Amino acid sequence: MSEIVYPQEQGEPVVVNLGNPYVAAVLAWLIPGAGHFYQLRFAKGLLFMLCVLVTYFVGLGLGHGRVVYASNRPNDFRWQYPLFQIHCGAVALPALVQAYKTKDGDDPYFVLCERYPAKYSEADLSLKRIEEDNKPAVMPKNTLKDGFMAPPPGIADPAHQDVLARWHFDYKHFFEMGTLYTMIAGVLNLLAVYDAFCGPAILTADQRERLESKKKGQDQI
Amino acid sequence: MIDLSLLFALTGSVPNLYYAAPLVVVISLVYGATRHEHPAEIIKHSLRSIIWVVGFMAVIMAVIWVAGVMI
């Protein structure tokens, strides 16, 4: 059990009990706010949980469930996922499951829609989306299936209108905004992990005094 | 005569700035929470951060507008 005491200029010192910081950090990474709940810091846990999860799910909604995906294919390396989005924890991990499921061309779990023709780049045809009220007379044998948090199906080819291009065209700025929101949610959860591991970066009276004297020195110069 | 077309172009995209508002709020709250432990101090710090960020964005917008007028 580690406890940090922050002496204050006035009033009671701030005491933060971090419990086992390693356990808290892992919990905080896995479920936003859970590390703080483990440390019995309920108000901050709730604040982190709400801020991170609301931002993440709003972003995912703006991007129609397609903006969080893991892909390392040629022409489609989704760097936003390993650098930022994955730090939202468990809620971002289904993207890894979907990437594993679809890596050999299998259909994803939770299919959102289907498109055809599957070999669009060979025929240089634009993709058509199969809708409930717009079903083709003869259902195509092979279709490309958009999955929830799955990488864009089919090959990624900038020379043709691939599925990723369709996503950008269909959802316009919502796709970018959804990506941004989910990335920021990941960064915010990293801050929450830091807070669960090290405690808040409260300035002690000594540090504050040093900062103020530094400022005064600069003013005089 | 001052050409206001760039200012209108900048403010014409105000609806797009709505997307920034929730982000500014959550970023300020989380940043404030990493600097303090008590809710009252977190909220105070967050409000200061919100004002700072919005002010910074306003200054950038003003700089772009002035640069557009001068060029």
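Residue farthest toward the positive end of the dipole of chain A, with Cβ of Lys/Arg at +1 and Asp/Glu at -1: which of A:TYR22, A:PRO151, A:TYR81?
A:PRO151
Between A:ALA165 and A:LYS216, what length comes free when the chain is fully extended (0.36 nm per residue of separation minus the Cα-Cα distance, one decimal in nm)?
12.8 nm
Provide the gained length on full extension for the span A:ARG129 to A:ARG208, in nm with one decimal, where the gain is 0.36 nm per separating residue minus the Cα-Cα distance.
22.4 nm is the gain from fully extending A:ARG129 to A:ARG208.
Efficiency by 1/(1 + (r/R0)^6): what FRET value for A:PHE77 and B:MET61, r their Cβ-Cβ distance, R0 = 35 Å, to the nearest 0.05? Kindly include the intermediate steps, with their values, before the conclusion.
Working: r = 34 Å, r/R0 = 0.96.
E(calc), rounded to 0.05, equals 0.55.
Report, in debye and to the nearest 20, how large the dipole of chain A comes out about its Cα centre when Lys and Arg carry +1 and Asp and Glu carry -1 on their Cβ.
140
Quick one: putting +1 on the C-beta of Lys and Arg, -1 on the C-beta of Asp and Glu, what dipole do you get for the range A:5-128 around its Cα centre, in Debye to the nearest 20?
120
Count the lysine pairs in the range A:2-220 whose Cα atoms lie under 27 Å apart, taking only pairs 8 or more positions apart in sequence or on different chains.
21
Give the shape of the range B:17-70 as rounded, prolate or oblate, defined through the alpha-carbon gyration tensor: a ≥ b ≥ c are the square roots of its eigenvalues, a/c under 1.5 means rounded, and otherwise the shape is prolate if a/b is larger than b/c and oblate if not. Intermediate values should be presented prior to the final figure.
Numbers: a/c = 4.48, a/b = 2.70, b/c = 1.66.
Cα axes put the range B:17-70 in the prolate bin.
Mind giving me the FRET efficiency for A:ASP157 and A:ILE4? R0 is 41 Å, r the Cβ-Cβ distance, nearest 0.05 is fine.
On the way: r = 54 Å, r/R0 = 1.32.
Here the calculated transfer efficiency is 0.15.
For chain A, which DSSP H helices look membrane-span-like by this rule: Cα extent along the axis of 27 Å or more and mean Kyte-Doolittle of at least 1.0?
A:42-62, A:173-198
Fewest first, what order do A:SER71, B:SER46, A:SER2 take by the number of other Cβ atoms within 10 Å?
Ascending Cβ contact count within 10 Å gives the list A:SER2, A:SER71, B:SER46.
Within chain A, what's the longest run with no GluC sites (Glu not before Pro) in a DSSP loop and at most 10 other beta-carbon atoms within 10 Å? Give the range, please.
A:10-131
Taking the square root of 5 times each eigenvalue of the Cα gyration tensor, what semi-axes in Å does the equivalent ellipsoid of the range A:2-220 have, largest first? Could you put the intermediate results ahead of the total?
On the way: eigenvalues 450, 69, 37 Å².
Semi-axis lengths for the range A:2-220 are 47, 19, 14 Å.
Quick one: if you stick a label point 7 Å off each Cα along the C-beta vector at A:VAL97 and A:ALA43, how many nm between them?
3.7
Just name one of A:CYS51, A:ALA185, A:ALA95: the one whose Cα is farthest towards the positive end of the charge dipole of the range A:2-220 (beta-carbon charges, Lys/Arg +1, Asp/Glu -1).
Among A:CYS51, A:ALA185, A:ALA95, the one farthest towards the positive end of the dipole of the range A:2-220 is A:ALA95.
How far is it, in nm, from the label point at B:VAL25 to the one at A:LYS141 when both lie 7 Å from their Cα along the line to the Cβ?
About 5.4 nm, to one decimal.
Computed from the coordinates by the stated procedures, all read-outs in this text should not be read as laboratory data. For clarity, every value in this text was computed on a predicted model and none was experimentally measured. As a convention, Cβ positions derive from the backbone with ideal geometry for all residues, glycine included, and neighbour counts pool all protein chains shown.
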